[in-house]
Amino acid sequence: MKVPSDSRARILQQVHAATQKTENPGDLASTYSNLPRTYVRAGRLSVAERIALMIERLREYDADVVETTSDKLDLAIAAQLRASGRHVFVAAEGLPAAWMAGGFEWKIDRNLSAAEIETCEGVVTGSFGGIADSGTIVLHHSAQEGRRIVSLLPDWHLCILYASRVVETLPEYFARCEQPPVLATYISGPSATADIEMTRIKGVHGPRFLNVIVVDDLGAELNTRQQGKEEISQGKST
Amino acid sequence: MSGTSYHPVLDPALAPPFPKAVLPVLRNPQLRKNVAHAIDVIQAKRARLVAEKVDWQELRSAGAAIREHSLAHLGAYLEQFEARCTAAGGTVHWAADADEARRIILEILRQENASEVIKIKTMTSAEIQLNPFLEAAGIKAYETDLAEIILQLGHEEPSHIVVPALHVNRSQVREIFAQSMGIKDLSDDPKALTAAARNYLRQKFLTVPTAISGANFLVAETGSVAIVESEGNGRMCLTLPNTMITLAGIEKVIPRFQDLEVMLQVLARSATGERMNPYTSVWSGVTPGDGPQRFHVVLLDNGRSKILAKNTERQTLRCIRCAACMNSCPVYRQTGGHAYGSVYPGPIGAILTPQLMQMNYAQSLPYASSLCGACYEVCPVKINIPEVLLELRSQVVNQERGKAAKFFDPMYLGLRAANLIFSRAWLFHAAQYLGRVGLKLFTGKDGWIHRLPSIGGEWTQTRDLRGLPKQPFHSWWAARQKGGR
């Protein structure tokens, strides 16, 4: 039951009265499309440089990043799981079976309760993509990316990121969204706080450990990799 | 317990005027040190990350344009937000003032049979003084942001809108946590303190079924809400409970999802000096099987539509609450936030607070500025704060013009007298003569006045005054003309 109130009408009436002079209700869309947008939208880096930047930024956040190719992805996941020293993992519901390495206990998230997820030591999810400029992992929470809760409660998050899904700038990510997502989470490093004397502490409520496997699904394009790295560091020092 | 020996009042209707409220802070070297340290760290980080952004000014211009456009068409965008949010399964409520917002929230909590509620940091809830109200209604509100926990457990007040506990140092936090959480051997290492907070809250996150949040942005196109945070407490509150209540000022709306490409870039850099904050969440209404299944948005006016109607002042509502203005403010750096007597301190607080109070309270705040313009320079949405400060000052002066009490106000009387004297040459010369004779008594051998009696003493308390010269310029000039070259 909503509290009966005439506040809606009153507030809207006041707002419309206040904006009478500036409002252009007939053509809101064209007024909007004429807003100045002269900021950088498209990135300038080559594919290899872009991936190198993504990895550099993730590492600045203390994320653990490894690179692999599509055909070795399963092995890379298994290696990361083993290295974590953990045993019980939750898997996003749509996680490919091949990603769930043997020798570990897997709980597939078919509406698991919070208490059940809380007992898991880690989680493996896919991702919608990445934004290199800020080292951001994007989740739109598809079946492979999992419900919001699965990438939140476990202390250790292993995220699979395809190189073809990495863009350089934030505007490039928005350009890639055909439809605005219903749910989205943008992760830039593990949870952190600087609330006590501005000292950055990694790991508050979200996962304390963020692991990313960058999958080279672009093939030859990444071969110029080393060269790209040098260019970036030169660019930074000038 | 908290290290500050006084208790600041952050209700603008009750708080003392700024010059008075500032005194306990100026006498508290520990607090000033804490504030200055925190400000210096954020400022340095911000400066570094803004400098690396080649299109920073273009982003600011776009940010300002998007926010100004949203305000110019606020009614249309609010209605669009309401329609899309409702279609996505949310319920939208409208609150004309703080009282109505509190009552709407209480009503929802009563329907949920809630005795506890977990909260994501929201300055808007502090603006409507929600926590004490819920407490009185028998509902315990748990703050979940680390800084807010420090304040809540230490019975402290926020002094900043992004890092509200920046005036408390680690040993003070240790004391607060050790006491209230009953941990005897707690160290003052921020890592240990953060871990203590994590343990303290974990059960709350997993068991309390109702949460309250603010909103960084409301997206009209999708009816979705965006929340920007660092710790994950926000994601916990947005994901685990059954019911979510979002309290947002009506000005928070932006037209489209894509506008976040500007707002997120400028917000993170301005607020915490990061390229992107660790977690940003965007959600639309209710998603079956994922997160709260009941979702309410309370849209709060509380004076905002009145600000919207005014030409110069409207830009105040562009604010995205990044706090860059307070971090850059030479006044805030010395005083911290409490002296502003409002949950919104610093330059933005100095213009927002009196306006939210409809100029009935907080009239001293527009004067709590040197008008240096640093706040305008850093503002990611280009709010010309000095311009609004001056406009508000003129309104304060106009308010006082009509008051009978002015005839007893030395400032008013002094300026009236000056007005009279400056408009008549003979009076001016006479006053100069009297001044020379009178001030001679107080002028030292070095030609400086070090101490004046009565009101003049307020000036000489902190500075010296040059004594008047033996001969004023006009008489020297007249003598020179007469004597020829």
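The values are calculated or read from the model by the stated rules, or taken from the named source; none is laboratory data. As the structure is a prediction and not an experimental result, all values here were calculated from the model. Every residue, glycine among them, receives a Cβ derived from its backbone with ideal geometry; neighbour counts consider all protein chains shown.
Answer yes or no: is there a residue in the stretch B:203-220 that is within 11 Å of chain A (Cβ to nearest Cβ), over 30 Å from A:GLU178 (Cα atoms), touching a Cys at 6+ places or on another chain (Cβ under 7 Å) and buried (at least 23 other Cβ atoms within 10 Å of the Cβ). Scanning the stretch B:203-220 turns up no residue that is within 11 Å of chain A (Cβ to nearest Cβ), over 30 Å from A:GLU178 (Cα atoms), touching a Cys at 6+ places or on another chain (Cβ under 7 Å) and buried (at least 23 other Cβ atoms within 10 Å of the Cβ). Checked across the stretch B:127-140, the condition of being modelled with pLDDT of 95 or more, under 18 Å from B:GLY336 (Cβ atoms) and away from chain A (no Cβ under 11 Å) holds for no residue. Please verify whether the stretch B:48-61 includes one or more residues that are touching a His at 6+ places or on another chain (Cβ under 6 Å) and either facing another protein chain (nearest Cβ under 9 Å) or crowded, with 24+ Cβ neighbours inside 10 Å (or both). No: the stretch B:48-61 contains no residue that is touching a His at 6+ places or on another chain (Cβ under 6 Å) and either facing another protein chain (nearest Cβ under 9 Å) or crowded, with 24+ Cβ neighbours inside 10 Å (or both).
The rows are residues; the columns are (1) touching a Cys at 6+ places or on another chain (Cβ under 7 Å); (2) acidic (Asp, Glu); (3) farther than 25 Å from A:ILE131 by Cα.
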| site | (1), (2), (3) |
| --- | --- |
| A:ALA42 | no, no, no |
| A:ARG50 | no, no, no |
| A:ILE55 | no, no, no |
| A:ASP64 | no, yes, no |
| A:THR68 | no, no, no |
| A:ASP74 | no, yes, no |
| A:SER84 | no, no, yes |
| A:GLU93 | no, yes, no |
| A:ALA97 | no, no, yes |
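Every test in (1) within 7 Å of chain B (Cβ to nearest Cβ); (2) surrounded by 24 or more Cβ atoms within 10 Å (Cβ to Cβ) is passed by A:VAL212 save one, and that test is (1). Pairing each residue of the stretch A:178-202 that is within 7 Å of chain B (Cβ to nearest Cβ) with any residue that is crowded, with 24+ Cβ neighbours inside 10 Å and among the acidic types (Asp, Glu), provided the two are 6+ apart or on different chains, yields C-beta distances under 6 Å for A:SER191/B:GLU231; A:THR193/B:GLU231.
Of all residues in the stretch B:415-429, which are under 16 Å from B:HIS474 (Cα atoms), surrounded by 10 or more Cβ atoms within 10 Å (Cβ to Cβ) and not basic (Lys, Arg)? Those that are under 16 Å from B:HIS474 (Cα atoms), surrounded by 10 or more Cβ atoms within 10 Å (Cβ to Cβ) and not basic (Lys, Arg): B:ILE421, B:PHE422, B:ALA425, B:LEU427, B:PHE428, B:HIS429. Looking at A:ALA18, A:ALA9 in this structure, which one is surrounded by fewer than 11 Cβ atoms within 10 Å (Cβ to Cβ), at pLDDT 90 or above and within 9 Å of chain B (Cβ to nearest Cβ)? Sole residue among the options that is surrounded by fewer than 11 Cβ atoms within 10 Å (Cβ to Cβ), at pLDDT 90 or above and within 9 Å of chain B (Cβ to nearest Cβ): A:ALA9.
Hey, any hits in the stretch B:295-306 for a residue that's at the interface with chain A (Cβ under 7 Å from one of its Cβ atoms) and more than 16 Å from the chain's Cα centre (by Cα)? Yes: one or more hits. Helices (runs of 4 or more DSSP H) fully within the stretch B:60-170 that include at least 1 residues being among the small types (Gly, Ala, Ser) and within 26 Å of B:ARG318 (Cβ to Cβ): B:74-87, B:98-111, B:123-127, B:146-153.
Scoring B:PRO190 on the criteria (1) on the phi < 0 side of the Ramachandran plot; (2) at pLDDT 95 or above leaves a single failure, condition (2).
Would you check if there is a residue in the stretch A:148-159 being over 30 Å from A:ARG37 (Cβ atoms), of a type in the set (Ser, Thr, Tyr) and crowded, with 20+ Cβ neighbours inside 10 Å? Yes.
For the stretch B:177-193, taking the residues that are part of a helix (DSSP H, G or I) and out of contact with any strand residue (DSSP E or B) (no Cβ under 9 Å at 6 or more places or on another chain), the one that is farthest from A:HIS205 (Cα to Cα) is identified as B:GLN179. Every condition in (1) within 15 Å of A:PRO154 (Cβ to Cβ); (2) outside any strand (DSSP E or B) is met by A:ASN111 except one, and the failing one is (1).
Can you pull out every residue in the stretch B:267-294 that is in a loop (DSSP other than H, G, I, E, B) and more than 9 Å from every other protein chain (Cβ to nearest Cβ)? Listed by number, the residues that qualify are B:GLY273, B:VAL286, B:PRO288, B:PRO292, B:GLN293. Looking across the stretch A:107-147 at every residue that is under 10 Å from the mean Cα position of the chain (by Cα) and polar (S, T, N, Q), the one that is farthest from B:ARG275 (Cα to Cα) is identified as A:SER127. Considering only residues that are in a helix (DSSP H, G or I) and either at the interface with chain B (Cβ under 10 Å from one of its Cβ atoms) or β-branched (Val, Ile, Thr) (or both), which ones fall in the stretch A:115-155? Once the filter is applied, which keeps residues that are in a helix (DSSP H, G or I) and either at the interface with chain B (Cβ under 10 Å from one of its Cβ atoms) or β-branched (Val, Ile, Thr) (or both), the stretch A:115-155 yields A:ALA115, A:ILE117, A:GLU118, A:ASP133, A:SER134.
Checked against the criterion of being within 30 Å of B:GLY273 (Cβ to Cβ), in contact with an Asp or Glu (Cβ under 7 Å, 6 or more places away or on another chain), in contact (Cβ under 8 Å) with a residue 24 or more places away in the chain and not assigned by TED's automatic domain parsing to the domain that holds B:ALA211, the candidates B:LEU71, B:LEU10 yield just one match: B:LEU10.
Annotation: of all residues in the stretch B:430-455 being free of Cβ contacts under 8 Å to residues at least 12 places away in the same chain and in contact with a helix residue (DSSP H, G or I) (Cβ under 6 Å, 6 or more places away or on another chain), the one that is surrounded by the fewest Cβ atoms within 10 Å (Cβ to Cβ) is B:ARG451. Of the residues B:GLU116, B:GLU68, B:GLU79, the single one that is modelled with pLDDT of 95 or more, surrounded by fewer than 20 Cβ atoms within 10 Å (Cβ to Cβ) and within 26 Å of B:GLY346 (Cα to Cα) is B:GLU68. When restricted to residues that are within 43 Å of the chain's Cα centre (by Cα), of a type outside the set (A, V, I, L, M) and assigned to a loop (DSSP other than H, G, I, E, B), the stretch B:429-455 contains 5.
If the condition is being of a type in the set (Gly, Ala, Ser) and closer than 17 Å to B:MET236 by Cβ, then the stretch A:190-212 contributes A:SER191, A:ALA192, A:GLY203, A:GLY206.
Of everything listed in (1) within 25 Å of the chain's Cα centre (by Cα); (2) among the aliphatic types (A, V, I, L, M); (3) within 11 Å of another protein chain (Cβ to nearest Cβ), the single unmet condition for B:VAL92 is (1). Exactly one residue among A:LEU35, A:LEU45 is buried (at least 16 other Cβ atoms within 10 Å of the Cβ), at the interface with another protein chain (Cβ under 7 Å from one of its Cβ atoms) and of a type outside the set (D, E, K, R), and that residue is A:LEU35.
Within the stretch B:119-140, the residues that satisfy the criterion of being surrounded by fewer than 24 Cβ atoms within 10 Å (Cβ to Cβ) and more than 16 Å from the chain's Cα centre (by Cα) are B:LEU130, B:ASN131, B:PRO132, B:PHE133, B:LEU134, B:GLU135, B:ALA136, B:ALA137, B:GLY138, B:ILE139, B:LYS140.
Residue count for the stretch A:174-229 under the criterion of being over 29 Å from B:VAL262 (Cβ atoms), modelled with pLDDT of 85 or more and in contact with a strand residue (DSSP E or B) (Cβ under 7 Å, 6 or more places away or on another chain): the result is 8. For the stretch A:174-207, a residue qualifies if it is over 25 Å from B:VAL168 (Cα atoms), of a type in the set (D, E, K, R) and not in a helix (DSSP H, G or I), and exactly one does: A:GLU178.
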